[in-house]
1. How many residues does segment B:139-191 hold that are touching a residue at least 60 places away in the same chain (Cβ under 8 Å) and not aliphatic (A, V, I, L, M)?
2. Given the criteria loosely packed, with under 13 Cβ neighbours inside 10 Å, closer than 30 Å to B:LEU57 by Cβ and at pLDDT 55 or above, does A:SER48 qualify?
3. For segment B:11-42, which positions are of a type in the set (A, V, I, L, M), closer than 20 Å to B:GLY259 by Cα and surrounded by 10 or more Cβ atoms within 10 Å (Cβ to Cβ)?
4. Assuming A:GLU64 fulfils every condition listed in (1) under 14 Å from the mean Cα position of the chain (by Cα); (2) within 9 Å of chain B (Cβ to nearest Cβ) apart from one, which condition is it?
5. I need every pair where a residue in segment B:41-67 that is within 11 Å of another protein chain (Cβ to nearest Cβ) has its Cβ under 9 Å from the Cβ of a residue that is surrounded by 13 or more Cβ atoms within 10 Å (Cβ to Cβ) and among the acidic types (Asp, Glu), sequence separation at least 6 or different chains.
6. Could you list, in sequence order, the residues of segment B:93-126 that are among the aromatic types (Phe, Trp, Tyr), at pLDDT below 90 and part of a helix (DSSP H, G or I)?
7. Looking at (1) assigned to a helix (DSSP H, G or I); (2) under 30 Å from B:LEU204 (Cβ atoms), can you tell me which one B:ASN4 breaks?
8. Taking only segment B:90-102 into account, find how many residues are within 24 Å of B:ILE156 (Cα to Cα) and touching a helix residue (DSSP H, G or I) at 6+ places or on another chain (Cβ under 7 Å).
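The values are calculated or read from the model by the stated rules, or taken from the named source; none is laboratory data. As the structure is a prediction and not an experimental result, all values here were calculated from the model. For neighbour counting, all protein chains shown are included, and Cβ atoms are generated from backbone atoms with ideal geometry for every residue, glycine included.
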Amino acid sequence: MTHTEPQDIETPQNEIERQEESRQSPTDAKAPGFLPIQTNWFDRLFISVVIWTGLCLFWLRFLEPAGLSLNFAHAIAVVIGIVLIWKG
Amino acid sequence: MQSNKLGWFLLAPTLVVLFFFGVVPFLYVVWLAFHQWNPFAVDPTIIYNGAENFRRLVFDQAFLSSLGVTLAFTFFAVTTQVILGYVLAQAFMRDFPGKAIFRTIHTLPLIMAPIIVGSIWKLMTTPSIGIIPHYLDQWFGYDLNIGQSAIAAFTITVIMDVWHWTPLVTLTLIAALVSLPPDPFEQAQIDGANRRQIFWHITLPMISPAILATVFIRLMDALRTVDEVLMLTGGGPGSATRYLGVHIFREVFPRTNYGYGSAVSVIVLYLTIVVCWLLFVGLIAPRNKKA
């Protein structure tokens, strides 16, 4: 015989609450990291891509003429992306 | 679960159309941005050239100049439209004689095609036949010549954009103002708040989502302005009104440089996303966090 906690019982109200939670917009996601806004993983992926593109353009304009390969920019962007998605 | 399936089924036609007419062309442009392609050349082969288009782009003085004037144009046009649109929306919230006629006339520019707007403003600003240079000369002794003066050409393009698109902002803000509940305003008046306090602490916060949505729409439009400006000034004099849209047009159509044009298009999209996202983060996200 298994014991059932009151909160485990499936009720129409629970179902509605769960659906409401799943419908929350990305900015309502409760995952505060070091970013100043609340984000979900897709927001952080988006921010990473935006930073990657910006970093590559900056690199092409200012650092590549000095002899630094664009691959360094990609490597840095990947590291930033991982940190952002994981901890942001 | 059943309702989800029905939802996806009903959405499917729209999603299919969006995929083929929105996502596929976008991915094609991104793919083309990494290639060199001149379809009208002796050898029309599409050649992969890595980041070469972007490497050229970041040193291209014509592009960088276009970027600067586009950002200036966007800032002045959108700011003026929002301020003027709000003032007009507040004016239309009150009753005055001839309000319906004035509102109709005010909304007319919205239904005009941009190319027509450019033609009208070209007629109105052409020296010797235009009404604007005529009266500016008669009343102020100012010789307006948008074919010679860079500042005059830039200013006229901003005014033209404001004339064309302010009604959109007005209509959006009227809708926002009409939907505001009267209770907070009554309570503020009872508490002795003056009009400025009511505006800053009640009206503005309550209509800020509508303002932000309008600013997003106008930002996206202003950053890709082409036809009006091409018709009015052709991007000149010099590169004074060679906005990014005009720059892309000149690269893609007269020069048939599709790869480089695609790279510039991708960067314009990137800029639009970044500007809108920064605005969202700056204005809306902190409020959501507080809530």
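1. Final tally of qualifying residues: 12.
2. No; evaluated as a whole, the condition is false for this residue.
3. Passing the criteria: B:VAL23, B:VAL24, B:LEU27, B:VAL29, B:VAL30, B:LEU32, B:ALA33, B:ALA41.
4. With respect to (1) under 14 Å from the mean Cα position of the chain (by Cα); (2) within 9 Å of chain B (Cβ to nearest Cβ), A:GLU64 is out only on (1).
5. Short answer, once both residue conditions are applied: B:ARG55/A:GLU64.
6. Residue satisfying the conditions is B:PHE102 alone.
7. So B:ASN4 meets the others, but not (2).
8. Of segment B:90-102, the ones within 24 Å of B:ILE156 (Cα to Cα) are B:102.
Of the ones still in play, those that are also touching a helix residue (DSSP H, G or I) at 6+ places or on another chain (Cβ under 7 Å) are none.
Residues flagged as within 24 Å of B:ILE156 (Cα to Cα) and touching a helix residue (DSSP H, G or I) at 6+ places or on another chain (Cβ under 7 Å) within segment B:90-102 amount to 0.
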